[in-house]
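Nothing in this text is a laboratory measurement; each read-out follows from the coordinates by a stated rule. Model, not experiment: these values are computed from the prediction. For neighbour counting, all protein chains shown are included, and Cβ atoms are generated from backbone atoms with ideal geometry for every residue, glycine included.
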Amino acid sequence: MLFEKDGSLVIRPQYLPKLLPWLSRFVHNSLPSRRFKHATALSILLKESVSAYVELLGQSDVQAHLKENGSLTVFETTSGYEANRKDRALLRTLGARYDELNQHELVELEPALAPIFPRAVYYHGCAQVVSPFGLCQALATQIREAGGAIVRNEVHHAEVKTGGHISLFADDSEFECEALVVAAGAWSAEAAKWFDISVPLETERGYHTTMSRLDIGLNRPITHGETNIGMVQLKEGLRFGGTVELAGLDAPPDYIRGRNIHRITRRMIQDLPPDDSLEISDWMGCRPTLPDYLPVIGPCPNHSNICFAFGHQHVGLSLAACTAKLISSLILDSQSKIDLTPYRIDRF
Ligand SMILES: Cc1cc2nc3c(=O)[nH]c(=O)nc-3n(C[C@H](O)[C@H](O)[C@H](O)COP(=O)(O)OP(=O)(O)OC[C@H]3O[C@@H](n4cnc5c(N)ncnc54)[C@H](O)[C@@H]3O)c2cc1C
């Protein structure tokens, strides 16, 4: 299954030798006791995700950008539902609240779904973004209004100068700063090397497909329990995506994976208009993932004015505001509300 081109989790065979060290750490971290420890550390951050957005955007803007309607995982088979029981139990131990639904209860919540799901789980307390682009625009406006500037440029190297200031060398210019946050997603390991830090960061490539301007009236994000393919109604249209491809940062996208996601979505929704009447686009993104599935949030061990914020795997949008809050209090007050020990960069 791991080498099937359109499986939910795929490894490109030619990338396997390079992947092996990360993969062996990942397997080691999947042992039950370690998994529980890391899931607990992740849940501490996730519990703050919505409240951090409220703090960042203010209550009225949050209502414009986030919809707090919970989320659903739906199951086509009883075996899929049963196989997921352990994961649900773990989530409950970590504080998640959920209700188990039958088909009738599911259809009442989401009438657009096809009647093929005998079981579903409704998770309370989850929110979705109304429009990722709209949220980015709101945050960019806030940065500019607070006196910040957004500069687009590629940084090729950085170095710490005598006295502690940092020089950034970009395409056609050089910047000097008193403090630096390295938040370069899946490319952050490269940036960490500038400060003599090595970190086992991999990319879990994921694909999504958007049917632009299509509104089927889904009320909350829905995950297909057997394949982990997710579907969400955005202002931009209906978006569905997921799957994991381990193939490194440089391999070209393989959109056959998007077509597989598409096939499952067609089965999930009733009365979806035919493809040739829709405007459909595919996308591939690089999720930054460390072998223990925890992000790096914290200072650089040898330079306290450099902080790292990366490795948020599948939940980087959810955790963006929470991470920003933690990093800003580290830089401004040299402290943090949450104990950052589990997220240290030198934990490996
Ligand atoms: C298909 C898919 C679906 C997803 N769905 C969800 C979801 O529903 N909810 C959720 O919470 N998360 C989701 N994620 C995960 C989320 O997208 C990531 O966790 C998140 O993008 C990580 O944020 P980041 O800012 O660390 O990295 P990125 O978003 O990758 O941003 C890093 C930025 O740094 C820039 N950069 C890198 N190197 C340099 C350099 N040298 N100089 C200048 N700039 C540089 C990059 O160009 C990039 O713009 C999904 C991911 C995928 C692929």
Original post:
lysines within cross-link reach of residue 47: Cα-Cα under 21 Å, excluding same-chain residues under 8 positions apart?
Top reply: 37, 67, 86, 325, 337
**OP:** Obtain the radius of gyration and the Kirkwood radius of segment 121-233 from its C-alpha atoms and give Rg over Rh.
**Re:** 1.08
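Among 72, 113, what is the fewest-to-most ranking by other Cβ atoms within 10 Å? Walk me through the numbers on the way to the answer.
Values: 72 25, 113 21.
Least to most surrounded, the residues fall as 113, 72.
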Original post:
Modelled label-to-label distance, residue 16 and residue 37, 7 Å Cα→beta-carbon offset: nm?
Top reply: 3.0 nm
**OP:** Mind checking which of 45, 121, 10 is farthest towards the positive end of the chain's charge dipole, using Cβ charges of +1 (Lys, Arg) and -1 (Asp, Glu) about the Cα centre?
**Re:** 121
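What is the extension gain from residue 91 to residue 347, computed as 0.36 nm multiplied by their sequence separation minus the C-alpha to C-alpha distance, in nm to one decimal? Spell out each step's value before the answer.
Details: separation 256, 0.36 × 256 = 92.16 nm, distance 2.47 nm.
In short, 89.7 nm is gained.
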Original post:
How many nm is it between the label spots at residue 25 and residue 333, if each spot is 7 Å from the Cα in line with the beta carbon?
Top reply: 3.2 nm
Subject >> Loop-located trypsin sites (Lys or Arg not before Pro) in segment 144-217, at most 10 other Cβ atoms within 10 Å (DSSP) >> reply: 152, 161
Original post:
What Kirkwood hydrodynamic radius, in Å, does the chain give when the mean of 1/r is taken over all pairs of distinct Cα atoms and then inverted?
Top reply: 21.8 Å
**OP:** Let me know the charge dipole size of the chain about its Cα centre in debye, to the nearest 20, where only the beta-carbon of Lys, Arg (+1) and Asp, Glu (-1) is charged.
**Re:** 980 debye
Original post:
Packing-wise, with mean Cβ within 10 Å as the measure, how do 181-187, 19-25, 229-235 rank, highest first?
Top reply: 229-235, 181-187, 19-25
Subject >> Exposure proxy order (Cβ contacts within 10 Å, fewest to most) of 208, 28 >> reply: 28, 208
Original post:
Pairing the Cα long axis of helix 16-29 with the longest principal axis of the chain, what angle in degrees results, from 0 to 90 and rounded to the nearest 10?
Top reply: 80 degrees
**OP:** Pull up the cross-link candidates among the aspartates and glutamates for residue 193, meaning alpha carbon to alpha carbon under 17 Å and not fewer than 8 places away within one chain.
**Re:** 154, 159, 202, 346
Subject >> Mean residue ellipticity (222 nm) of the chain, computed from DSSP H runs ≥ 4 via -39,500 (n - 2.57), nearest 500 >> reply: -10000 deg cm²/dmol
Subject >> Inter-label distance, nm, simple model (7 Å from Cα along the C-beta direction), residue 315/residue 116 >> reply: 2.9 nm
Subject >> Percent of Cα pairs exceeding the 15 Å cut-off, where the set is segment 249-313 >> reply: 70 percent
**OP:** Express the C-alpha Rg of segment 50-162 as a ratio against the empirical globular expectation 2.2 N^0.38 Å, rounded to two decimals.
**Re:** 1.55
Original post:
Along the charge dipole of segment 191-348, which of 303, 327, 313 sits closest to the positive end, that is, farthest toward it, with unit charges on the beta carbon of Lys, Arg, Asp and Glu (+1, +1, -1, -1)?
Top reply: 327
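From largest to smallest, what semi-axes in whole angstrom does segment 288-346 give when each is the square root of 5 times an eigenvalue of its alpha carbon gyration tensor?
Values: eigenvalues 65, 36, 16 Å².
The equivalent ellipsoid of segment 288-346 has semi-axes of 18, 13, 9 Å.
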Subject >> Total charge dipole magnitude, segment 246-348, about the Cα centre, Cβ charges on Lys, Arg, Asp, Glu only, Debye to nearest 20 >> reply: 280 debye
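For each of 216, 297, 143, count neighbouring Cβ atoms within 10 Å of the residue's Cβ, then give the residues from fewest to most. Show your work: numbers first, answer last.
Numbers: 216 18, 297 27, 143 11.
Neighbour counts put them in this order, fewest first: 143, 216, 297.
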Original post:
Three principal axis extents, largest first, for the C-alpha atoms of segment 234-348, in Å?
Top reply: 56, 30, 19
Subject >> Ranked packing of 237-243, 281-287, 59-65, 125-131, most packed first, by mean Cβ within 10 Å >> reply: 237-243, 125-131, 281-287, 59-65
Original post:
Using 1/(1 + (r/R0)^6) with R0 = 45 angstrom and r between the beta carbons of residue 266 and residue 146, what's the FRET efficiency to the nearest 0.05?
Top reply: 0.50
Original post:
Given +1 on the Cβ of Lys and Arg, -1 on the Cβ of Asp and Glu, and no further charges, what dipole in debye does segment 224-294 carry about its Cα centre, rounded to the nearest 20?
Top reply: 180 debye
**OP:** Relative to the longest principal axis of the C-alpha atoms of the chain, give the angle of the C-alpha long axis of helix 316-333, reported between 0 and 90° and rounded to the nearest 10°.
**Re:** 20 degrees
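With the radius of gyration and the Kirkwood radius both derived from the Cα set of segment 3-56, what is their ratio Rg to Rh? If you can, show how the numbers build up before the last one.
Values: Rg = 16.5 Å, Rh = 14.1 Å.
Radius of gyration over Kirkwood radius for segment 3-56 works out to 1.18.
Which of the peptides 74-86, 312-324 is most tightly packed, and how do the rest follow, going by the mean number of other Cβ atoms within 10 Å of each residue? Before the final figure, lay out the partial values.
Numbers: 74-86: 15.5, 312-324: 20.1.
Going from most to least packed, we get 312-324, 74-86.
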**OP:** Please give every one of the aspartates and glutamates within straight-line cross-link reach of residue 235, meaning a C-alpha to C-alpha distance under 16 Å, and leave out same-chain neighbours fewer than 8 residues apart.
**Re:** 61, 68, 215, 279
